[in-house]
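Report on the following structure.
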Amino acid sequence: MHTNLEEKFSKFTEYWHPYIIGELNDNFVKIAKVKGDLVWHKHEHEDELFVVLSGTLMMDFRDGRTIATKPGEILIVPKNTEHRPWTNDEEVKLMLVEPKATKHTGELVVEQTVTNLEWI
C-alpha cells in the first residue's frame with residue numbers, strides 16, 4: 001500500500017480527530033492534526049506510538065514529566081500510563097500506530113472524544 005501523507009492531511013481541518021490511513025497487523029495507522037490540548041487519559045491495555053511529522057508535540061505525565069517530541073522523533077506511551085498531549089498553540093501533524101481496539105481518550109468520553117473512527 002502506498003499513501004501520500006500530505007494529500008491525506010489536506011482532506012481535513014479538525015484538530016484532535018484521528019483518521020485511519022492503513023492497517024498493520026492488528027493495528028491501525030492513523031494521522032491527526034492537533035493544536036491546543038487534549039484531556040488527561042490512559043489506555044489500559046494498549047501502547048501508543050506517536051510519530052511527529054511537523055510541529056512539536058508536548059506530553060505531560062502524572063509523575064510530573066513533560067516530554068517534547070519534535071519532527072522526525074517518536075514517542076511511545078506505555079499502556080495504562082495517564083498522559084495529556086498538548087501543543088504550544090501551533091498545529092502539529094502526527095502519525096499514530098495503535099491497536100485497533102484503542103479508544104481515542106481511553107474510557108473517558110468528553111466533547112473532544114472521537115468514538116467513530118473514519119478512513120480517509
Within segment 1-83, which strands (runs of 3 or more DSSP E) (wholly inside it) include 2 or more residues that are among the basic types (Lys, Arg) and either out of contact with any Gly (no Cβ under 8 Å at 6 or more places or on another chain) or within 11 Å of residue 96 (Cβ to Cβ) (or both)?
-> 27-34
Residue 107 passes all but one of (1) modelled with pLDDT under 85; (2) among the acidic types (Asp, Glu); (3) closer than 25 Å to residue 4 by Cα; which number fails?
-> (3)
Is it the case that residue 90 is under 14 Å from the mean Cα position of the chain (by Cα) and not small (Gly, Ala, Ser)?
-> no
Members of segment 13-35 that are surrounded by 15 or more Cβ atoms within 10 Å (Cβ to Cβ) and closer than 25 Å to residue 88 by Cβ = 15, 16, 17, 18, 19, 30, 31, 32, 33, 34
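The values are calculated or read from the model by the stated rules, or taken from the named source; none is laboratory data. This one's a predicted model, so the numbers in the text were calculated from it and none came from an experiment. Please note: Cβ atoms are built from the backbone with ideal geometry, for glycine as well, and neighbour counts cover all protein chains shown.
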